[in-house]
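A short write-up of the structure that comes next.
Read-outs: derived from the displayed coordinates by stated rules, not from any lab. Not measured: the values here are computed from a predicted model. Cβ coordinates were reconstructed from backbone atoms using ideal geometry, including for glycine residues, and neighbour counts include every protein chain displayed.
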Amino acid sequence: MQKRKNYIKYICLIVLILICIILSLFYRTEDVVNTEEKLFYKNIGINSNELNILYLNVGQADSTLITMGEDVMLIDARNKSDGDNIVQFLKAQGIEEIDYLIETHSDDDHSGGMEKIVQNLDICNVYMPQSAIEESEIKDDININVFSNLEQIYNLGSATWKVLSVDNAEDVKENGDNDTSIVIQLNYKDNKFLFMGDATSKVEKQLLNNHKLEKIDVLKVGHHGSNSSSSQLFLNTILPKYSIISVNNSEYSKHPSESTIERLNSINSKIYRTDVN
């Protein structure tokens, strides 16, 4: 009987030790997460005297914050489940008002967080393609505009920007919503930036035909580096010095494609990936 009691005590002691180990690991993990959150959400030193472009690490999604002086533009808002994170990040930078909120197209990995942003910040102007309005969860909360004049120049502080492409047809085309994407060029001093949304090589060809495209300093690579975008002729024309790819680090991700990376390397564009850099 005594031997059986000692055996039970021994088992209880082992269980207690295991519980302590598990709890210590849990709290250590929580500390790391909390530290990372503090690092992520603290003020990152936006300079109000210069143009600031932040390509956010949002996984297999898109969100780009642009500020110039007091003016703010947000292009896309990642996935629906991440809306609160975007709001928290913006407020941590002291941003309570957005001058231009742009939804390049209706795919959830670009439009998902829009509802939370509209609910929690003051929005001056919202733009999206016509086909995205009917699907939008914010259409009953705020007035949504479409870009109808591609010649119009907009100001963002002392920077200027314009829309190079948008398809405002109400029905979705054969490439889904991707080719309805709002494509934006932003100029600041001698620097030029291009934001492609998920536009494919079909839109790139139209841009080559309809515009005298300039050399670009920084390219926000279309469709997360998919092989359907960033055609060789397009890249040879705009010759971006730097290329930004918004992508996750999942082993199951199809993006970016090796062929896109090869094409960017062929023009000696310096590549930055949000999952790596």
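In region 180-277, which GluC sites (Glu not before Pro) fall in coil by DSSP and have 15 or fewer other Cβ atoms within 10 Å? It would help to have the intermediate numbers written out before the result.
Details: sites: GLU204, GLU214, GLU251, GLU258, GLU262; in loops: GLU214, GLU251.
Sites meeting the loop and neighbour criteria: GLU214, GLU251.
About the Cα centre of region 98-138, how large is the charge dipole given +1 on each Lys and Arg Cβ and -1 on each Asp and Glu Cβ? Please answer in debye to the nearest 20.
Values: 1 positive and 10 negative charges, 31 e Å.
Using Cβ point charges on Lys, Arg, Asp and Glu, region 98-138 gives about 160 debye.
Within the set of other residues whose C-beta is less than 10 Å from the C-beta of TYR188, count the net charge using Lys and Arg as +1 and Asp and Glu as -1. Intermediate values should be presented prior to the final figure.
Values: positive: LYS189, LYS192; negative: GLU50, ASP190, ASP217.
Net of charged neighbours comes to -1.
Return the whole-Å distance between the Cα centroid of region 259-276 and the Cα centroid of region 73-94.
Taking the Cα centre of region 73-94 as reference, the centre of region 259-276 is 26 Å away.
Ordered by residue, what ³J(HN,Hα) values in Hz, to whole numbers, does region 212-229 give under the Karplus form 6.51 cos²θ - 1.76 cosθ + 1.60, where θ = phi - 60° and Gly and Pro are x?
8, 5, 9, 5, 10, 6, 10, 10, 7, 4, x, 6, 6, x, 4, 5, 6, 10
Quote to one decimal, in nm, the extra length available between ASN210 and ASP140 on full extension: 0.36 nm per residue of separation minus the C-alpha distance between them.
Result: 21.7 nm gained on full extension.
Among LYS80/LYS205; LYS91/LYS220; LYS80/LYS254, which pairs are too far apart, with a Cα-Cα distance over 26 Å?
In this structure, LYS80/LYS205 exceed 26 Å between Cα atoms.
Straight-line reach only, C-alpha to C-alpha below 18 angstrom: list the aspartates and glutamates that LYS215 could link to, leaving out same-chain residues fewer than 8 apart.
The reachable aspartates and glutamates, counting only those whose Cα sits under 18 Å from LYS215, are ASP190, GLU204.
Sorting check: for 221-232, 118-129, which peptide has the highest mean count of neighbouring beta carbons within 10 Å, and how do the rest follow?
221-232, 118-129
Between LYS254 and GLU170, what length in nm is gained on full extension when 0.36 nm per residue of separation is reduced by their alpha carbon distance?
Stretched out fully, the LYS254 to GLU170 stretch lengthens by 27.3 nm.
Roughly what would the spin-label model give for ASN265 and LYS189, points 7 Å off Cα along C-beta, in nm?
The modelled label-to-label distance comes out at 3.2 nm.
Could you calculate the contour length gain from SER148 to LEU54, that is, 0.36 nm times the residue separation minus the distance between their Cα atoms, to one decimal place in nm?
31.1 nm
For SER165, which sequence-distant residues (separation of 5 or more, or a different chain) have an amide H within less than 5 Å of its own amide H, given hydrogens modelled in the peptide plane?
Here VAL183 satisfy the definition.
Straight-line reach from LYS270: which aspartates and glutamates fall under 13 Å, measuring Cα to Cα and dropping same-chain residues less than 8 apart?
Within reach: ASP217, GLU262.
So how do 99-105, 135-141 stack up, highest first, on mean other-Cβ count within 10 Å?
99-105, 135-141
Taking Cα centroids, how far is region 126-153 from region 159-230 in Å?
What the calculation gives is 17 Å, centre to centre.
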